[in-house]
Amino acid sequence: METKKVLNFGAGPAKLPQPVLIQAQRELLDYDGLGISVLEMSHRTSDFSKIINTAETLLRELLNIPDNYKVLFLQGGGTGQFSAVALNLIGLKKDRCADYIVTGTWSAKAAKEAEKYGKVNVVHPKVDRYTGIPDSSSWSLNPSASYVYYCCNETVHGIEFNFIPDTKGVILACDMSSNFLSQPVDVSKFGLIFAGAQKNVGCAGVTIVIIREDLLGKALKECPLVFDFKVQAENNSLHNTPPCYSIYIVKLVLEWIKSNGGTDSMDKLSKQKSSLIYDIINSSNGFYSCPIDVGCRSRMNIPFRIGNSEGDEALEKQFLEGASKLGMISLKGHRSVGGIRASLYNAVTLEDTRALAAYMKGFLNKHQT
Ligand code: PLP
């Protein structure tokens, strides 16, 4: 049976590379000649050890992770990490306080969760709308903070940091869920990085944590064992049953990233893809408008309105219907912001992005007055 041609611009769970799906399908019933699926495999077998160890090795290679960092594969999603980060790190200093740079929905949720475990200081003046990154000269960082937290790509609003915040020596923790492995990263600048896999590196169910070794063992006593990074690190993420199949898919995606040129290539491609869309927005005389400051527009998630800056609902509906007829799906903006959002993660091809760009141009020519 022929598969329907779909161009998936969803924000997550998102498109997976076609070769990964084909390999997963091929191996579904019989993994590596074992006669069973990874779905049925004990996490205590040497075969599963090979899968999780290969995933870790590939990740270390792709991100050049220094030896003094641990790599964990955990459950609980990005939201689980909002709690886990605070539970593990807020007790690093006696004041039990943490600095949060809040640039969108996800960092706001993380800050709210951390308030359960200590004092949270939002380092910049309150913003009415998330349309940019508050100028770092307005930040008041607390030198006694246990850590500084930020989200380097806000998936809902489409705001991406193109710099690593200078925390003046305080540990830096980052949510990289929606731009993980889309570019090289200097891991040594961070105390902790986490990323849910379901956007750029796999499917839902597993969250990757990269943590500097000296930060282990400082969790609050109320921290659940499954979220205690020291416990998970000592057990190679196998303190309890891990999300085995999701880890296997991550391994396949990492192999795919490696064979496609690694993070440098992903970076080049994501710049190329996002420029195609931003160029149309910028040259549309306001027909398409992106509310985000030019310097921090995301390469991964591009939100825009159609018709005027508030969005003409009828035109946006027509745009989505027309896109759907061409097989372009999941372009509707997040329910909290409305409008349109095109997500261009690693697995979204240049060809798919060109098709979207061509559709946007055609729609513009037809409707611009
Ligand atoms: N952080 C970011 C940047 C996200 O985009 C998301 C979800 O989309 C989350 C955290 C929450 O992840 P989860 O739904 O896995 O809890």
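Throughout, read-outs are computed from the coordinates displayed, never taken from laboratory work. Quick caveat, the model's predicted, so the values are computed rather than measured. Here the Cβ positions follow ideal geometry from the backbone for every residue, glycine too, while neighbour counts run over all protein chains shown.
Using the Karplus relation 6.51 cos²θ - 1.76 cosθ + 1.60 with θ = phi - 60°, the per-residue 3J(HN,Hα) values for region 175-189 come to 8, 9, 3, 9, 9, 4, 6, 9, 6, x, 9, 7, 4, 5, 7 Hz, with x marking Gly and Pro. Considering every Cα-Cα pair within region 37-132, what fraction, in whole percent, is farther apart than 15 Å? Percent of Cα pairs beyond 15 Å in region 37-132: 72.
Residues whose amide H comes within less than 5 Å of that of Met328, counting only those at least five positions distant or on another chain, are Leu7 (H built at 1.01 Å from N in the peptide plane). When each of the peptides 125-134, 294-303, 194-203 is scored by how many other beta carbons lie within 10 Å of its residues on average, the order from highest to lowest is 194-203, 294-303, 125-134. Going by neighbour counts of Cβ atoms within 10 Å, the residues Trp139, Trp106 line up, fewest first, as Trp139, Trp106. Just so you know, the Cα atoms of region 298-355 work out to an Rg and Dmax of 11.5, 31 Å. Between Leu220 and Thr79, what FRET efficiency comes out of the Förster formula 1/(1 + (r/R0)^6) with R0 = 22 Å and r the beta carbon distance, rounded to 0.05? So the FRET efficiency works out to roughly 0.75. If you take every DSSP beta bridge fully contained in region 163-212, what fraction is antiparallel? Give it as a percent rounded to 5. Approximately 60 percent, going by the DSSP bridge assignments. Along the positive direction of the dipole of the chain (beta-carbon charges: Lys, Arg +1; Asp, Glu -1; about the Cα centre), which of Trp106, Gly261, Ile164 reaches farthest? In the chain, that residue is Trp106.
Put simply, the amide H of Leu172, placed in the peptide plane, has neighbours under 5 Å in Val148, Gly191, Leu192, leaving out anything fewer than 5 places away on its chain. Between Thr131 and Asn365, the C-beta separation translates, for a Förster distance of 35 Å, into a calculated FRET efficiency of about 0.80.
Restricting the calculation to alpha carbons of region 129-212 gives Rg and Dmax of 13.3, 38 angstrom. When DSSP beta bridges are limited to those with both residues in the chain, what percentage is antiparallel, rounded to the nearest 5? Percentage antiparallel, nearest 5: 60. Each residue of region 306-312 is assigned a 3J(HN,Hα), and the resulting list reads 10, x, 7, 5, 8, x, 8 Hz, derived from the Karplus form 6.51 cos²θ - 1.76 cosθ + 1.60 (θ = phi - 60°), x at Gly and Pro. Taking a virtual spin label 7 Å from the Cα of Lys258 along the C-beta vector, which residues in region 46-73 bring their backbone nitrogen under 15 Å of it? The answer is 50-65.
Remark on Lys119: its backbone amide H falls under 5 Å from those of Cys97, Ala98, a criterion applied only to residues 5 or more positions apart or on other chains, H modelled at 1.01 Å from N.
Placing +1 on the Cβ of each Lys and Arg and -1 on the Cβ of each Asp and Glu in the chain, which of Asn64, Tyr245, Ala204 has its Cα farthest towards the positive end of the resulting dipole? Final value for the positive-end residue is Ala204. Computed over the Cα atoms of the chain, the ratio of the radius of gyration to the Kirkwood radius (Rg/Rh) comes to 0.98. With neighbours defined as other Cβ atoms within 10 Å of a residue's Cβ, the residues Glu313, Glu56, Glu351 order from fewest to most as Glu351, Glu313, Glu56. Put in line by how crowded their Cβ is, counting other Cβ atoms within 10 Å and starting with the fewest, Ile22, Ile51, Ile208 read Ile22, Ile51, Ile208. Counting only DSSP beta bridges whose two residues both lie in region 93-206, roughly 15 percent are antiparallel.
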